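The values are calculated or read from the model by the stated rules, or taken from the named source; none is laboratory data. Owing to the predicted nature of the structure, the values given are computational and were not obtained by experimental measurement. Ideal geometry is used to build each Cβ from the backbone, glycine not excepted, and the neighbour counts take in all protein chains shown. Each accessible area value is taken on the protein alone, full model and side chains, heavy atoms only, with ligands, DNA and RNA left out. Shrake-Rupley method; radii C 1.70, N 1.55, O 1.52, S 1.80 Å.
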Amino acid sequence: MSSAPASPPDNPPAGPAAGLASGPSASAASDPLRLQRLLPFLAWPRPTPALLRSEALVGLTVGMMMLPQAVAYAQLAGMPPAAGVYASLLPALAGALFSASTRLSVGPTALSSLLVSASLTGLAAPGSAQWVLLAVWLALMAGALQLALGLARFGWLLNLVSTPVLMAFTHGTAALIIATQAPHLLGLEGWDWGSLSARGWHGASAVYGVLSLAALLLVRRWRPAFPSVLALLMLTSALSWLTGFEAGGGAVIGELPRSLPTLALPEWPGLAALSHLVLPMFVLGLVSFLETAASARVDNARKGVRWQRDQDLIGQGLAKLASAFSGGFSTSTSFTRSALNLYAGAQTGWAAVFTVLTVLAAFMLLTPVLRHVPQAVLTAIIVAAVAGLIKPREYRRLWRVSRAEAVMALLTVALTIATAPALYWGVLAGVLMTLARFVYQRLHPRIVEVGLHADGSLRNRHPYGLPLLAPHTLALRMDAALDFATANSFEQYVDAMLAARPGTQHVVLLAQSINRLDATGAETLTRLLVQARSHGIGWHLVGCKRPVRQALRAAGVLGEKPLAAHYRTEARLLAALARLEQGPPDLAALAI
């Protein structure tokens, strides 16, 4: 006798033998995969001289942009300049090591820095020890929140914020950044919005600010890969030193500590202070991850892989925790630096490692040079970075796609600006408007009457001026689930249509688009069928999906004594309706 063929790999033998055969080997094979999920950097390719050389060039390019941006964003957040550098070292490394999207640039960003400043306004004086302490705790709390959500696989919460709301919130915060930085850019000590009057104008600072901004915008347009920010700092620092800018009353960066960050637990600020950070923690954790999502989707699409948002959420949380324990502030993913990373040819997370080394080396070597850089130049760096975030044309495109979402986006922008410095009310209002619209749409499903088109398809009869599907027949299609949210609207629509057409003998429901039927939906449909039968009206269901058919059988709508006929295809429905004109004795007998 010939032996039986071996079972294929996807059909292992059942029983204890299968467990003995596959247990140890399967466990051993799954261990590396499980370890790689916990430590994503273990999946990085083994470094080769060619790879390291390429990644080092990318890291040098991005690092030269990251250092001056870090100092500028620290100023925006109300933090000491060194805190921006600290937020660019260990956090950037942690973000690369533990994120799935390894080619993103993690560190200080304009939006997160502004959220830090807005969250702490009124709680302490910018730059004070209490301000720094609260900023550290805000990073710690937001990082712990992101880490917990990532471990719990709650990345789906990202869906609560729609793209239009995020775009509008970004535009609103960018406009606020430009408005608050404009006086410093123009060499003003301050600006009184009530009287529209300026205070303490310094002409040389205005020249540095305006010319620096113009240079950054021009270079970004024509040579985006050129390290324009670093070159600008070197040039303006030399000019400032040679012309005695500081001695003439100009504001400069000043001395920067050259010490490396040390890991330490922050002091306890008290429950009263932390209670003011709870709402900003949620907003900062959500918005900063939305920044990551914008870059991660581009990165993963180019690689042709699925975005692992939960793992990126873990990486972002660990980056914030690393920043909190090393004297920094809340970090996020920079869209500008990530785009430059990809443009320069980054392939793996090794590029981020070289970026950190570049920032560290530049910080230790160039600190004396940065001392003479005018503050107006840092302001120009901030304004140039956020100016690219404002895209007015997006509202025109959004208006064409969805006017309701365009209105919500405009309201989000207005609320973000109007509620400043409490910026979180803008994004919260946008989320609430989005959820309200979602609930309204779920409670008011799209129900249309269909007719037979000339091409043989069943379509909405009113836009095309189609006749009835059959004499004395009401044919409907509902593009939604039939559940507790839609059942009432469906029942009201059917009752209204039958009341408007007293001679109706048949009701057809095209159910291909109904993918769910719960207890409320089944009860409502059963009630409609029973009422229709008492008035001599027959019901015909078409194309019910398997889960819906199972629910209908359990409810007694289909089965041995069905309350309605069911047809698998529209063609069979049309054939049955044609025979119904001859008056068959049993409607259920026509169902297939």
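Quick look at the values:
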| quantity | calculated |
| --- | --- |
| Listing of helices (runs of 4 or more DSSP H) fully contained in region 38-146 that carry 3 or more residues being farther than 24 Å from residue 254 by Cα | 49-76, 90-98, 110-120 |
| Members of region 200-219 that are surrounded by fewer than 18 Cβ atoms within 10 Å (Cβ to Cβ) and either charged (D, E, K, R) or not in a helix (DSSP H, G or I) (or both) | 200, 201 |
| Check on residue 33, over 28 Å from residue 324 (Cβ atoms), part of a helix (DSSP H, G or I) and either of a type in the set (Val, Ile, Thr) or at pLDDT 90 or above (or both) | no |
| Residues being open to solvent by less than 50 Å² (accessible area, probe 1.4 Å) and either among the charged types (D, E, K, R) or modelled with pLDDT of 90 or more (or both) - total across region 38-57 | 4 |
| Test: residue in region 111-121 that is open to solvent by less than 10 Å² (accessible area, probe 1.4 Å), under 20 Å from residue 67 (Cα atoms) and among the small types (Gly, Ala, Ser) | yes |
| Given (1) at pLDDT below 90; (2) open to solvent by less than 20 Å² (accessible area, probe 1.4 Å), index of the condition residue 236 fails | (1) |
| Residue 504 being modelled with pLDDT of 95 or more and either open to solvent by less than 60 Å² (accessible area, probe 1.4 Å) or of a type outside the set (A, V, I, L, M) (or both) | no |
| Residues being touching a residue at least 40 places away in the same chain (Cβ under 8 Å), in a helix (DSSP H, G or I) and farther than 17 Å from residue 420 by Cα - total across region 168-193 | 2 |
| Check on residue 413, touching a residue at least 24 places away in the same chain (Cβ under 8 Å), part of a helix (DSSP H, G or I) and either within 23 Å of residue 83 (Cβ to Cβ) or in contact with a strand residue (DSSP E or B) (Cβ under 9 Å, 6 or more places away or on another chain) (or both) | no |
| Residues (over 50 Å from the mean Cα position of the chain (by Cα) and either modelled with pLDDT of 55 or more or surrounded by fewer than 12 Cβ atoms within 10 Å (Cβ to Cβ) (or both)) located in region 572-591 | 578, 579, 580, 581, 582, 583, 585, 586, 589 |
| Whichever residue in region 291-310 is open to solvent by less than 60 Å² (accessible area, probe 1.4 Å) and of a type in the set (S, T, N, Q) and, among such residues, is nearest to residue 326 (Cα to Cα) | 292 |
| Hits in region 404-427 - residues which are within 16 Å of residue 160 (Cβ to Cβ) and buried (at least 21 other Cβ atoms within 10 Å of the Cβ) | 408, 409, 412, 424, 426, 427 |
| Check on residue 396, open to solvent by 50 Å² or more (accessible area, probe 1.4 Å), more than 26 Å from residue 180 (Cα to Cα), touching a residue at least 12 places away in the same chain (Cβ under 8 Å) and not aliphatic (A, V, I, L, M) | no |
| Only listed residue being within 38 Å of the chain's Cα centre (by Cα), closer than 30 Å to residue 162 by Cβ, of a type in the set (Phe, Trp, Tyr) and modelled with pLDDT under 95, chosen from 490, 438 | 438 |
| Residues (open to solvent by 50 Å² or more (accessible area, probe 1.4 Å) and polar (S, T, N, Q)) located in region 245-290 | 259, 262, 275 |
| Residue that is buried (at least 18 other Cβ atoms within 10 Å of the Cβ), within 18 Å of residue 578 (Cα to Cα) and touching a Gly at 6+ places or on another chain (Cβ under 6 Å), where the choices are 510, 474, 469 | 469 |
| Leading residue by the ranking (farthest from residue 524 (Cα to Cα)) among those in region 552-571 that are open to solvent by 30 Å² or more (accessible area, probe 1.4 Å) and small (Gly, Ala, Ser) | 571 |
